[in-house]
Amino acid sequence: AVKYCLSVQLNCDEVILDRIKYGEGLAEYAEEYVSGLDNWHIISHANLSIVNFRYENSDLTEAQNNQLNSMAAQKIADSGYAIAYTTVLNNQRVIRLCTTNPLTTHDDIRETINRLDQYIGDYDMKDA
């Protein structure tokens with residue numbers, strides 16, 4: 001019985017470790033994808049399945065850029081497609097993507113970021 005329990009424990013530890021590594025890989029993929037988009041900047045690099053980034057348009061004020069990031073995160077949550085939380089880092093509103101769900105795919109990450117970008121692209125600051 002002890003040998004069986006040890007075997008199950010080792011297999012469980014391996015599965016958990018694989019899931020953690022997968023989540024970290026997704027965060028790294030998100031960072032790479034965001035880095036390729038205009039006006040999007042990585043604020044803190046992928047670490048422990050979390051990456052923080054933000055949209056910044058140099059023609060807008062800091063407050064307007066903060067508002068756009070908040071709006072995009074809220075719109076994606078309202079859509080039911082994904083949850084992208086916001087937080088404040090260095091006095092800037094950033095979008096925080098947490099990639100710990102083992103069912104999340106690279107396509108899901110790409111579509112989430114594309115939708116955030118589209119929400120901002122569709123938004124007109126003069127209506128704010």
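Relative to the longest principal axis of the Cα atoms of the chain, helix 62-79 runs at roughly 50 degrees. The structure-derived value of mean projected area of the Cα convex hull in nm² appears in the list (1) 6.9; (2) 11.4; (3) 9.2 under the label (3). Taking the chain as a Gaussian network, Cα atoms linked when under 10 Å apart, which of Ala77, Ala63, Ala27 shows the biggest mean-square fluctuation? Most flexible of the set in this elastic network: Ala63. Return the carbon/sulfur percentage of the accessible area of the chain, one whole number, probe 1.4 Å, all protein chains in place. Accessible surface attributable to carbon and sulfur in the chain totals 50 percent. Helix 106-122 axis versus longest C-alpha principal axis of the chain: approximately 10°, rounded to the nearest ten.
About its Cα centre, the dipole of the chain is roughly 440 debye, where the only charges are +1 on Lys and Arg Cβ and -1 on Asp and Glu Cβ.
The values are calculated or read from the model by the stated rules, or taken from the named source; none is laboratory data. Predicted model, so just to flag it, every value in this text is computed and none were measured. Cβ atoms come from the backbone with ideal geometry, glycine included; neighbour counts cover every protein chain shown. All accessible areas refer to the heavy atoms of the entire protein, side chains included, with ligands and DNA or RNA removed. Shrake-Rupley method; radii C 1.70, N 1.55, O 1.52, S 1.80 Å.
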